[in-house]
Amino acid sequence: MSLTYFRITLLRSAIGLPRRSTDVLKALGLKKRMATVFHPVSPSVAGQIMRVKELVSVQEVDQALTKQQVHLERKPDPGYYVEKSSVQERGEMLGQ
């Protein structure tokens, strides 16, 4: 049996909300907007999520990603690609 995880992303800030909501977010490990954390699926974590369901986005995933993997997943495409490096181009010019 494989372990599944909740992928929890904080979408809205808890500013101005009751202390209880802020404390639940701290317990989940969410400090900043758009931060993502992974927790094993369990009734206690599900209860915490229900307390702040308006503030977070939740997905059930098969494996937890590292912080770096989450960052690379969110990183946009640069919008360009390199056909040839300058070294290759220089070599072609000298070869002619």
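The values are calculated or read from the model by the stated rules, or taken from the named source; none is laboratory data. A quick note: this is a predicted structure, and the numbers were derived from the prediction, not measured. Cβ: placed from backbone, ideal geometry, glycine included. Neighbour counts: every protein chain shown.
Helices (runs of 4 or more DSSP H) wholly in region 8-96 with at least 2 residues that are surrounded by 10 or more Cβ atoms within 10 Å (Cβ to Cβ) and hydroxyl-bearing (Ser, Thr, Tyr) - which ones?
Counting at least 2 such residues, we get 19-28.
Quick check on this structure: which one of Ile49, Ile8 is modelled with pLDDT of 95 or more, touching a helix residue (DSSP H, G or I) at 6+ places or on another chain (Cβ under 7 Å) and of a type outside the set (Phe, Trp, Tyr)?
Ile8
Quick one: in region 35-57, which of the residues that are in contact (Cβ under 8 Å) with a residue 40 or more places away in the chain and touching a Ser or Thr at 6+ places or on another chain (Cβ under 8 Å) is nearest to Ser13 (Cα to Cα)?
Of everything passing the filter in region 35-57, Leu55 is nearest to Ser13 (Cα to Cα).
Which of the residues that make up region 27-54 are over 13 Å from Arg7 (Cβ atoms) and in contact with a Phe, Trp or Tyr (Cβ under 8 Å, 6 or more places away or on another chain)?
Ala46
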